[in-house]
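S.K.: Can you keep this structure in mind? I'll have questions shortly.
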């Protein structure tokens, strides 16, 4: 009688632990994509489209199995700041649940200026 309660409860706990690990790994992939995209958009020869493309490349290379429906947006903020946001859904092993992950990156746009 006790096994009919303990075994399913243990299985649910294991399932939740695996889901938490999947969410955390997807979160780190999205953060890496945001960081790399911000870096690519901030360099001297970089641009916002280059940053978006770099973030998508990272997502495809590292997270194609763990993240779905990725969205990458970027904009140039006042003060020569580059802002990039990556959002996606983490892989879910629990039916009916969707776990979203997102990360933002902000960097100073690099450029050479002539003094004088």
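S.K.: Quick check: is even one residue across the stretch 82-92 more than 20 Å from residue 35 (Cα to Cα), modelled with pLDDT of 90 or more and in a loop (DSSP other than H, G, I, E, B)?
M.R.: yes
S.K.: Separate question: Anything in the stretch 93-116 that is exposed (fewer than 13 other Cβ atoms within 10 Å of the Cβ) and not in a loop (DSSP other than H, G, I, E, B)? List them, or say none.
M.R.: 108
S.K.: Quick test of your reading of the structure: residue 59 fulfils all but one of (1) assigned to a helix (DSSP H, G or I); (2) over 9 Å from the mean Cα position of the chain (by Cα). Name the failing condition by number.
M.R.: (2)
S.K.: Determine which member of the set 53, 41, 32 is surrounded by 14 or more Cβ atoms within 10 Å (Cβ to Cβ) and either over 16 Å from residue 105 (Cβ atoms) or in contact with a strand residue (DSSP E or B) (Cβ under 6 Å, 6 or more places away or on another chain) (or both). Working first, answer last.
M.R.: Working: 53 fails: either over 16 Å from residue 105 (Cβ atoms) or in contact with a strand residue (DSSP E or B) (Cβ under 6 Å, 6 or more places away or on another chain) (or both); 32 fails: either over 16 Å from residue 105 (Cβ atoms) or in contact with a strand residue (DSSP E or B) (Cβ under 6 Å, 6 or more places away or on another chain) (or both).
41 is the lone residue from the list that is surrounded by 14 or more Cβ atoms within 10 Å (Cβ to Cβ) and either over 16 Å from residue 105 (Cβ atoms) or in contact with a strand residue (DSSP E or B) (Cβ under 6 Å, 6 or more places away or on another chain) (or both).
The values are calculated or read from the model by the stated rules, or taken from the named source; none is laboratory data. Predicted, not measured: the structure shown is a model, and the values here were computed from it. Neighbour counts run over all protein chains shown; Cβ positions are idealised from the backbone, glycine included.
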